[in-house]
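Below: the structure, in structure tokens.
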Amino acid sequence: MKNYGIVAIRASIVFIVICGILYPLACTGLAQLFMPSQANGSLVSNTDGEVVGSALIGQHYDNPAYFQSRVSSIDYNGAGSGSNNYGPSNPVLLQRTKDSIEAWTTANPDVPVSELPIALVTNSGSGLDPHITPASAEVQIPRISKLTGISQERLHELVKKHTAGRDLGLFGEPRVNVLELNIELQTMIAK
């Protein structure tokens, strides 16, 4: 009986060392070697080299002169993700959507509500989506042009430059990373 106990303890120690120490260290080392940016959180820096966010987590922008992200029911809190999972007839969702449309109308009087992409007034499943559709970026251009003095043509070029296509040409939809777009917009504003 004593031998079985000693064998069990030795096996546990061996598996703790292999699975709890060596394997995680090997995975971390390989990730740092082959994809260091992703392994460190896909951090994005501004032109001064200051880290301003992650390319994987959306942010809220208070300044109307910048491109705005999708609505987030969790206020872009990266500690957890998710949404309220309200059904389309839920009064809370309907009111939040109406409020988002009103805020849009106030901030963008030159763009009719009929041209407002639904993605700008609804949140993603995670509430952390860092991307918007190219149409969601394009519809914000009149407001941004008016507030920054940058021509609409230059802003259209900026959106086009930051539009990523489908993954492998097949999967997903074209998208624009709002943080990266706003970093370049900030550089344009500063000039």
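The values are calculated or read from the model by the stated rules, or taken from the named source; none is laboratory data. Small disclaimer: the values here were computed from a predicted structure and weren't measured. Here the Cβ positions follow ideal geometry from the backbone for every residue, glycine too, while neighbour counts run over all protein chains shown. Please note that ligands, DNA and RNA were not included when accessible areas were found on the heavy atoms of the full protein model with its side chains. Shrake-Rupley method; radii C 1.70, N 1.55, O 1.52, S 1.80 Å.
In this Cβ point-charge picture (+1 for Lys and Arg, -1 for Asp and Glu), the chain has a dipole of about 640 debye about its Cα centre. Full extension of the chain segment joining ALA31 with LYS161 gains 43.9 nm, where the gain is 0.36 nm per residue of separation less the Cα-Cα distance. Taking 0.36 nm per residue of separation and subtracting the Cα-Cα distance, full extension of the segment from ALA190 to ALA11 would add 58.2 nm. Averaged per residue, region 1-40 has 90 square angstrom of accessible surface, using a 1.4 angstrom probe with ligands and nucleic acids left out.
For LYS191, go through the lysines and keep the ones whose alpha-carbon is under 28 Å away, minus same-chain ones fewer than eight residues off. Excluding near neighbours in sequence, the set is LYS146, LYS160, LYS161.
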